[in-house]
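Here is the structure we will look at, set down as structure tokens.
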Amino acid sequence: MECKEQNFLMYFSPLRLEENSEKTIELEWPLNKKLSDCYLVAFLESDGKTIEKYRSERFDVSSKARVSVSLNKYLFQPKETVVIEGKATKESGESLEGNVNLEIDGKSYRTVLEDGKFSFTFNLSENIAPGIHTIKVIVNDSYGNHGEKNITFNVTAVPSFLLVEVSNKSVFPNTTFSITPKLLDQAKGIMKDWVAVKITRKKLFAKETFLEKIVRSNEPILFRFSKETEPGNYKVEVSYQEMKNETIVEVLPLEKISVVMEGNTIVFENVGNVPYKRTVEIKFEGKINKTKLLELGLDVNEIKSYKVLAPPGTYRISVNTGKELLNFSSQLGGLTGNVIAMVEPKARQKKLILIIFFLFVLLVLLLFLRKRLRHKIKGRKLKERKKGLEGSERKGASPKLKRVFERYGNVLEANKLNSSLVYGNKQEVSVLAVKFDEKEIEEKTKEIEELIVSAVSTIKKHKGVADIQDSFLVVLFNVIKQYRHDVAAVRTAEAIVEKAKKLKLKVRA
């Protein structure tokens, strides 16, 4: 065999052939490397002379298999199913029969080629790392043909875990600590997304919020409780979509005061988060040496000033709080006689308290007088209004109709216009007005009287209040006396009109 790369002797043997006969020679192919531009050359020689020579068509020698691979999709979620399908052929285009090996994330799988094709299915793990993954496909057959192909797929990062870390579980007020929210994917890798952080404390009837902020995952934020924050447990919450997590940070009690010297005044301030109740030692060193004990009680944030008096001179004053010793130098004076040294509350503080108390009492007194005055004015106006109503005459009422109504209307005390229904508080009412014919009032006295009697009975039934105005019978129905006062007015009107028709009287309601 003659090839571009080299020549090979494939077969050599004596040959004896009869006339018009042939012989087939089978050759084993021991080559396993790629050769190009190859030819098979056959020689027939006798006594060292070439009798006949044959050269085949050009061909190549290759063990390479052509492999093509496809997936059911490119982007996957954890736990989803992956389907791999592929084909394998020889260089000549013939289908390859053999084995298929697959390598996926360090794991090996095996299947077979059937008619040059294969298919393989597997499920991704729930904690598979997000990002690009490679599947390596290797095919081979019993003749040494071999081929490889790589294909990639992508796994989505799914938020799966939410953590919160704090640098200190217990802190003093006015001390900085860090909070780090961590959003993790299915493989517990850090995800860079925004996470909500909140610090709260539940009280008896409400929840107090100290921090609300949106921060990046895995980026710490610094926080500091104010110096007056109450001791106790505070909840640090983180949230992302439907995911939540929390931890507890304890604010420790801090009993601490600040002491400064301003001239001959010592100023104590509670800078802790609990009331300060201790005995403080104040020592004078100078013209005299003296130690004074001061019972000090301070609420949170409270400040108290004390005036220091001693015989004139320069003094070294030390204040011992029990936890620290503070030294001051001051020029003091103001005491004479046998008094050696003293510490007293500053006078202006007492005066300020008295002024505040006096202003408070004055404010309460003014509010009380204002309320009394408003009631007095309101009562006077009501009396004047009532007097005006009672003194007014209802002119224009038909005398005959008035006499008839008063005779029967008194049965239900219906003719008192200054009753509580029409005077005083505002109320919701329905009004019924019945118009009598003026000519009939004069000519049909008997029928009018019978109609009035019937009307009074109906008004009484429906808890109404009535009076005569000119040639009108006016009836008021109150929501207090009759729940459906509008219905009562309609039914009363219907009854009066029906009775008037029977008596052949002309009325309008």
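Structure summary
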| item | result |
| --- | --- |
| Verdict on residue 385 being modelled with pLDDT under 80 and not assigned by TED's automatic domain parsing to the domain that holds residue 500 | yes |
| Pairs with Cβ under 7 Å, 6+ apart, first in the range 102-130 and on the phi < 0 side of the Ramachandran plot and surrounded by 13 or more Cβ atoms within 10 Å (Cβ to Cβ), second acidic (Asp, Glu) and modelled with pLDDT of 95 or more | 124/80; 130/185 |
| Filter result for residue 466 (among the aliphatic types (A, V, I, L, M), touching a residue at least 12 places away in the same chain (Cβ under 8 Å) and in a helix (DSSP H, G or I)) | no |
| Segments classed as strands (runs of 3 or more DSSP E), wholly inside the range 23-90, with at least 3 members that are free of Cβ contacts under 8 Å to residues at least 60 places away in the same chain and under 25 Å from residue 132 (Cα atoms) | 81-90 |
| Conditions (1) surrounded by fewer than 17 Cβ atoms within 10 Å (Cβ to Cβ); (2) modelled with pLDDT of 80 or more; (3) not β-branched (Val, Ile, Thr): number failed by residue 428 | (2) |
| Matching residues in the range 63-72 - criterion: being within 60 Å of the chain's Cα centre (by Cα) and either exposed (fewer than 11 other Cβ atoms within 10 Å of the Cβ) or of a type in the set (S, T, N, Q) (or both) | 68, 70, 72 |
| Residue that is modelled with the lowest pLDDT, among those in the range 94-110 that are in a strand (DSSP E or B) and under 14 Å from residue 140 (Cα atoms) | 95 |
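Each row is one residue, and each column tells you yes or no for (1) loosely packed, with under 10 Cβ neighbours inside 10 Å; (2) on the phi < 0 side of the Ramachandran plot; (3) of a type in the set (A, V, I, L, M).
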position	(1), (2), (3)
14	yes, yes, no
39	no, yes, no
44	no, yes, yes
53	no, yes, no
61	no, yes, yes
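The values are calculated or read from the model by the stated rules, or taken from the named source; none is laboratory data. Because the structure is a prediction, the values reported are computed rather than measured. A quick note on method: Cβ atoms are made from the backbone with ideal geometry, for glycine too, and the neighbour counts reach across all protein chains shown.
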